[in-house]
Amino acid sequence: MLDIKINQQQIEMLQTDLLKWFEKAKRDLPFRQTRNPYYIWISEIMAQQTQIDTLIPYYNRFIATFPTVFSLAQASVDEVIKTWEGLGYYSRARNLHQAAQIIVSDYEGNMPETFAKLLKLPGIGPYTGGAIASIAFNEKVSAVDGNVLRVISRYGNSFDDIGDAKTKKRMTAFIEGILPDAAGDFNEALMELGAVICTPQSPKCLICPIRSGCQSHAAGTTEQLPVKKKKTKQLTKKMEVGIVKQNSCLFFVRRPDSGLLSGLWSFPITETVAGHGQDIKKKLAENFHELNEPIFIGTNRHVFSHIVWEMSIYGFDLDNAIREPVSTSHLVSNQAHTRTDYQFKALSEIDDLALPVAFSKLLDQLTNF
DNA sequence: AAGGCGTGGTA
DNA sequence: TTACCAAGCCT
């Protein structure tokens, strides 16, 4: 149970030390050069489960493509996903798009200015709501992310599992109790400290601005903290991928509306049962009447957060079909939807599609096919 | 409550 | 190679 004994004077020293350090040491990040709530919002959504260094080029590209909430709301969801391509957790982009439409329709295009209202928007939870409210609107509310949980675990020498909701509640309450008026800066300072000083491995206690009050440093337990329950191991799935070629074009399918990589484009893919390319050949029979035997191209492995795909890649060259060449008119198109679910694309056109890394990385293996 | 949901970096 | 981790949210 987190139980930090800290008096008013110590609280003020902690605030002062942290804020002073942050003012001096904070990294120069693109979204720290603005107070525009729209830009803050985009950056905070991108920051979810994503390291800052990774998201910076995406952030710059995103706000260049969608400079205002109106431009985002008016874009198609496919355009938004395409701009998000490669960043992962694509529901973030869908929620961003949906929330932009709500902000335009319900708030005249102005970002809602309170934690309570922000929390109602899709994709904004306790952390992101607190971050936007405190950083963009000076609301005195906490923003507790993984960095903050780690910093507080160590500061109070807490061995509570930070994956437990109760622990997060307690630590949030502690933060709320020591929040200064400059809540946005204080929240950012805690996160910055976690990102560059109070790191998961080998924390740099020697140069930590709040070392003097840190109970974990005093107890020598920093390497054991924070306590976090281990994740269950990823399930490995054997998959067969079908590369269908005709007239130098490759065949792509849109993934289902729900689940992994939903709505994004992919090569036809199916879980391996019989093997040797027969599973994907059977699946492709939904789209093509005549197919040659699969040509083995190679293997590839892709690791998601909770699944591993071990992919065997098979080619089907329609130009070299033994029987009559099959034209695109044989494609089964889904008449119920106005959007397209199947497409042949020339190599130069593939960039039009939002293609997850799991598939875009396969393109390198197709040079001899 | 616990698991689904991406990707890239590091030890 | 394996394992862990990153400015979480949704169901």
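The table for this structure:
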{"quantity": "Hits in the stretch A:284-310 - residues which are under 23 Å from the mean Cα position of the chain (by Cα) and part of a strand (DSSP E or B)", "calculated": "A:Asn300, A:Arg301, A:His302, A:Val303, A:Ile307, A:Val308, A:Trp309, A:Glu310"}
{"quantity": "Count of residues meeting criterion [of a type in the set (Val, Ile, Thr) and exposed (fewer than 14 other Cβ atoms within 10 Å of the Cβ)] in the stretch A:240-285", "calculated": "1"}
{"quantity": "Count of residues meeting criterion [among the acidic types (Asp, Glu) and modelled with pLDDT under 95] in the stretch A:50-94", "calculated": "1"}
{"quantity": "Candidate set from the stretch A:155-176 (those that are open to solvent by less than 10 Å² (accessible area, probe 1.4 Å) and in a helix (DSSP H, G or I)); member that is farthest from A:Ala131 (Cα to Cα)", "calculated": "A:Thr167"}
{"quantity": "Subset of the stretch A:45-58 that is part of a helix (DSSP H, G or I) and closer than 16 Å to A:His97 by Cβ - its residue that is most open to solvent (accessible area, probe 1.4 Å)", "calculated": "A:Tyr58"}
{"quantity": "Any hit, the stretch A:121-132, residues being open to solvent by 20 Å² or more (accessible area, probe 1.4 Å) and away from DNA strand B (no atom under 16 Å from the Cβ)", "calculated": "no"}
{"quantity": "Checklist (1) touching a Ser or Thr at 6+ places or on another chain (Cβ under 6 Å); (2) crowded, with 23+ Cβ neighbours inside 10 Å applied to A:Ile152, failing item", "calculated": "(1)"}
{"quantity": "Search result, residues across the stretch A:4-44 that are within 16 Å of DNA strand B (Cβ to nearest atom), touching a residue at least 24 places away in the same chain (Cβ under 8 Å) and part of a helix (DSSP H, G or I)", "calculated": "A:Ile42, A:Glu44"}
{"quantity": "Of all residues in the stretch A:59-85 being part of a helix (DSSP H, G or I) and small (Gly, Ala, Ser), the one that is least open to solvent (accessible area, probe 1.4 Å)", "calculated": "A:Ala73"}
{"quantity": "Residue match in the stretch A:165-172 (condition: of a type in the set (Ser, Thr, Tyr) and farther than 17 Å from A:Ile6 by Cα)", "calculated": "yes"}
{"quantity": "Test: residue in the stretch A:258-271 that is more than 26 Å from A:Lys82 (Cβ to Cβ), at pLDDT below 95 and more than 21 Å from the chain's Cα centre (by Cα)", "calculated": "no"}
{"quantity": "Filter result for A:Ala73 (away from DNA strand B (no atom under 14 Å from the Cβ) and touching a residue at least 24 places away in the same chain (Cβ under 8 Å))", "calculated": "yes"}
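This table checks each residue for (1) touching a residue at least 60 places away in the same chain (Cβ under 8 Å); (2) under 21 Å from A:Thr222 (Cα atoms).
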position	(1), (2)
A:Glu139	no, no
A:Val148	no, yes
A:Ile162	yes, yes
A:Ala165	no, no
A:Thr172	no, yes
A:Asp181	no, no
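The values are calculated or read from the model by the stated rules, or taken from the named source; none is laboratory data. Everything numeric in this text was worked out from a predicted model, so none of it was measured. FYI the Cβ positions are ideal-geometry reconstructions off the backbone, even for glycines, and counts take in every protein chain you see. Accessible surface areas use protein heavy atoms only, side chains included; no ligands, DNA or RNA. Shrake-Rupley method; radii C 1.70, N 1.55, O 1.52, S 1.80 Å.
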